[in-house]
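Working notes, structure below.
The values are calculated or read from the model by the stated rules, or taken from the named source; none is laboratory data. Keep in mind the model is a prediction, meaning the values are calculated, not measured. Note that we place each Cβ from the backbone using ideal geometry, even for glycine, and neighbour counts take in every protein chain shown. The protein model used for the area step is the full one, side chains on, heavy atoms only, and it has no ligands, DNA or RNA in it. Shrake-Rupley method; radii C 1.70, N 1.55, O 1.52, S 1.80 Å.
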Amino acid sequence: MRFASTAARLATVSAALLSLSAPALASSPFAGKTGPLSFAVDSGKTQFKFLSDAPMEKVPGTADGVTGEIKVADAADPAGTTAKITVPVAKMKTGNDMRDKHMQGPEWLNAGANPTITFEINKFEVGKVDGNRASGKAIGKFTMNGKSVDKALAVDIAYAADKNAIKITTKFKVSFKDHAVKGKGDIIGTKVSPEVEVDCTLYAAAK
Amino acid sequence: MKRWVALLSLAATWLVASSAVALPRMTLTAGSRCSNCHVNPQGGGLRNDMGFYAMAQAGMATWEQVGWQKFHDLSDNQAMDGRLTYGFDYRGVVAKLGAPRWGSDGQVVEPPRIPVPMQLTPALAYKINDWLSATASVNPLWWVHSYPGQSPADGWLQIKPAIGLPSLRLGMIQPSFGIRHDDHTLLLRRNPKALGQPLLPPAYADPGAEVNWEPTHWLSLDAAAVWGHNLRLADPQAIAADKPVFSGRLTLWPQVLDWGINSWVGASALVADGSTVLGGHVGVGKNYWGTVIGEAVWSKTRGNREILSTLVQVSHAIKDWLVLEARWERSQSTQPGQSDGEATSYVAGLQWMPLPNFELRPEYRWLDTKDYLLAQYTLQFHLWL
């Protein structure tokens, strides 16, 4: 009994000593930085790909001209990060001129009335941080065809301290139904998938 | 080598001449299969809702701009809540048809350049229920002019339980073989010793059945059995009497999506009354750029007539309504006790759509046979819905 009590005391003391000697768990990939940071999306370098994988046809696509701004309120605590990323519908391509025209037309993404697809991030939930890399959830409002839905995207962030630039990668799905995209006839579900897979690698440099 | 060339050529001659217009290059630049846009799973002819939709805006100008507002406003080619699909193809050519001859004055006399209506084909498809449909088309110009073996009509019932499962067509059909080209004059489809008689005539069809199966994005399989009556009329040397004809085709559709590369590669076989036709086809396309297509067909008939034909075709899309195209073909035939046949063809031209659903195809054609050389410009035109 006496032995057990001594052992418990020793364990408590050891734990306290260990907690003092170990470095604090990192909560931000912006190691060594404090205060606000601001990044502008590098349109030339950013890659935005999408894929419709329907039973009768696989249609891949890309978008050029992705723009945006990412504001980190406090580099030591990125939870307050906000951002707005914009994809111009007119610069989305599917590998075929006629198909591009249709995709941008009124029955699909309606570029005339809604020229951009946007994702406005108002919160960032930090997950695992490993040095200058972090994973987490970007939470915000995703708008396509003029209709917005709340979305939480799993993202990976890598911060290049020497260049003061970040790379953000994410994969997610966008449902036509969520954004009131009706398409033409019964094409959605047979030749165009109801959900489009998006694969984005965003590069942004400090402003 | 010669033998292989002949092999590839005959198969195409027999089987691929098509009644209506499928553009194989489109499958390669868009990465779509023929069945995505055509009611007929092997492509060509009546377009489905997607096929109509895909081409409804493809033109240098719009119908609205030339004052045809009603045509411009046509949003689809369907009626009765999508159950009925309708359309037509009208094709013709202005060309010198036939072979040059020696005139009485010792000068070469070329055939006159004349307009020739080739096809006027209204077509209907009716969706009876989710798995059964009926399709039919008729070509009234058949009664004006037709090739031996050409059918004035085709039509079939199609049973298609679901996407990804095999479908069955029953009726007057053309068995799938090689690429279904839109040009009726390909050497691939003809005997170099008798160019006026296509081995597989445009709009060829015989009664029978075909199973078409597209189980995945990258594979399609076709197998057919037809009663070879019209095929016998087209090439009596190949089929002496009405006999069953069996055919099969396998096509792989590899894509490199990140590079915008689409391709297909396949093989076909047809047997009938002791005659055999084998074919191979390959095509590669790059998004927004163009295509390279190759095909070879070899055949051997009961009388040991062998024909080997090859084709290489390159296209470059300047706009979705303007495409440059060039083609080289060679066909050789051999038969014991007879002289060899040989023909080479070069074609260069444009596929120009001044308006949606209207194509003009100015071309320069150079045909060199053992008997004559004929170089000429031609103009094909095509109006469709």
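Going by the structure shown, is A:Ser14 modelled with pLDDT under 80, surrounded by fewer than 10 Cβ atoms within 10 Å (Cβ to Cβ) and not hydrophobic (A, V, I, L, M, F, W, C)?
When the stated conditions are applied, A:Ser14 does not pass them.
Mind checking which residues of region B:31-45 are away from chain A (no Cβ under 11 Å) and more than 22 Å from B:Pro166 (Cβ to Cβ)?
none
Please find, among B:Trp298, B:Trp289, B:Trp321, B:Trp253, the residue that is closer than 25 Å to B:Gln174 by Cα and within 14 Å of chain A (Cβ to nearest Cβ).
When all the criteria are applied, what remains is B:Trp253.
Quick check, is B:Gly164 crowded, with 16+ Cβ neighbours inside 10 Å, on the phi > 0 side of the Ramachandran plot and part of a loop (DSSP other than H, G, I, E, B)?
It is false that B:Gly164 is crowded, with 16+ Cβ neighbours inside 10 Å, on the phi > 0 side of the Ramachandran plot and part of a loop (DSSP other than H, G, I, E, B).
Return the only residue of A:Asp77, A:Asp42, A:Asp97 being in contact with a strand residue (DSSP E or B) (Cβ under 9 Å, 6 or more places away or on another chain), of a type outside the set (Ser, Thr, Tyr) and either at pLDDT 95 or above or under 22 Å from A:His179 (Cα atoms) (or both).
Going through A:Asp77, A:Asp42, A:Asp97 in turn, the sole match is A:Asp42.
Condition (residue is farther than 21 Å from B:His382 by Cα, modelled with pLDDT of 90 or more, open to solvent by 30 Å² or more (accessible area, probe 1.4 Å) and within 14 Å of another protein chain (Cβ to nearest Cβ)) applied to region B:140-158: is it met by at least one residue?
No, region B:140-158 has no match at all.
Quick one: count up the residues across region B:179-220 that are farther than 28 Å from B:Arg327 by Cα, within 14 Å of chain A (Cβ to nearest Cβ) and open to solvent by 30 Å² or more (accessible area, probe 1.4 Å).
Residues in region B:179-220 being farther than 28 Å from B:Arg327 by Cα, within 14 Å of chain A (Cβ to nearest Cβ) and open to solvent by 30 Å² or more (accessible area, probe 1.4 Å): 5 in total.
Consider region B:315-344. How many of its residues are under 26 Å from B:Leu383 (Cβ atoms) and within 17 Å of the chain's Cα centre (by Cα)?
Of the residues in region B:315-344, 4 are under 26 Å from B:Leu383 (Cβ atoms) and within 17 Å of the chain's Cα centre (by Cα).
Among A:Gly136, A:Gly140, A:Gly146, which is more than 29 Å from B:Asn36 (Cα to Cα) and out of contact with any strand residue (DSSP E or B) (no Cβ under 9 Å at 6 or more places or on another chain)?
A:Gly146
Among the numbered criteria (1) over 21 Å from B:Glu306 (Cβ atoms); (2) aliphatic (A, V, I, L, M); (3) touching a residue at least 60 places away in the same chain (Cβ under 8 Å), which single criterion is violated by B:Ala241?
All conditions are met except number (3).
Would you mind finding the one in B:Ser146, B:Ser104 that is assigned to a loop (DSSP other than H, G, I, E, B), among the small types (Gly, Ala, Ser), closer than 30 Å to B:Ser309 by Cα and without any contact (Cβ under 8 Å) to a residue 60 or more places away in the chain?
None of the other options fit; the residue is B:Ser146.
Cβ contacts < 6 Å: first residue under 12 Å from B:Gly87 (Cβ atoms), restricted to region B:26-50; second residue of a type in the set (Val, Ile, Thr) and assigned to a loop (DSSP other than H, G, I, E, B), any location; separation 6+ or different chain. Result?
That search, which allows pairs on different chains as well, returns B:Leu46/B:Val39; B:Asn48/B:Val39.
What number of residues in region A:39-87 are more than 16 Å from the chain's Cα centre (by Cα) and open to solvent by less than 40 Å² (accessible area, probe 1.4 Å)?
Number of matching residues: 10.
Within region B:46-81, which residues are open to solvent by 50 Å² or more (accessible area, probe 1.4 Å), more than 14 Å from every other protein chain (Cβ to nearest Cβ) and either under 21 Å from A:Thr190 (Cβ atoms) or in a loop (DSSP other than H, G, I, E, B) (or both)?
B:Gly67, B:Trp68
If we keep just the residues of region B:318-342 that are over 25 Å from B:Val245 (Cβ atoms), modelled with pLDDT of 95 or more and touching a helix residue (DSSP H, G or I) at 6+ places or on another chain (Cβ under 9 Å), which is most open to solvent (accessible area, probe 1.4 Å)?
The residue in question is B:Arg330.
Out of A:Gly127, A:Gly105, I need the residue that is under 30 Å from B:Asn357 (Cα atoms) and either within 14 Å of chain B (Cβ to nearest Cβ) or free of Cβ contacts under 8 Å to residues at least 24 places away in the same chain (or both). Which one?
Result of the check over A:Gly127, A:Gly105: A:Gly105.
Return yes or no: is B:Val109 open to solvent by 20 Å² or more (accessible area, probe 1.4 Å), free of Cβ contacts under 8 Å to residues at least 40 places away in the same chain, within 20 Å of the chain's Cα centre (by Cα) and over 22 Å from B:Pro215 (Cα atoms)?
For B:Val109, the condition - open to solvent by 20 Å² or more (accessible area, probe 1.4 Å), free of Cβ contacts under 8 Å to residues at least 40 places away in the same chain, within 20 Å of the chain's Cα centre (by Cα) and over 22 Å from B:Pro215 (Cα atoms) - is not met.
Might you let me know whether region B:373-381 holds any residue that is open to solvent by 20 Å² or more (accessible area, probe 1.4 Å), within 14 Å of chain A (Cβ to nearest Cβ) and small (Gly, Ala, Ser)?
For region B:373-381, residues open to solvent by 20 Å² or more (accessible area, probe 1.4 Å), within 14 Å of chain A (Cβ to nearest Cβ) and small (Gly, Ala, Ser): absent.
Filter the strands (runs of 3 or more DSSP E) completely within region A:88-207 down to those with at least 3 residues that are open to solvent by less than 20 Å² (accessible area, probe 1.4 Å) and either closer than 30 Å to B:Pro161 by Cβ or of a type in the set (Gly, Ala, Ser) (or both).
A:133-144
Please go through region B:294-314 and give me each residue that is among the β-branched types (Val, Ile, Thr), under 17 Å from the mean Cα position of the chain (by Cα) and buried (at least 23 other Cβ atoms within 10 Å of the Cβ), ordered by number.
Those that are among the β-branched types (Val, Ile, Thr), under 17 Å from the mean Cα position of the chain (by Cα) and buried (at least 23 other Cβ atoms within 10 Å of the Cβ): B:Val297, B:Thr310.
Could you list all residues from region B:276-308 that are polar (S, T, N, Q), at pLDDT below 95 and not in a loop (DSSP other than H, G, I, E, B)?
Within region B:276-308, B:Thr276, B:Ser299 meet the criteria.
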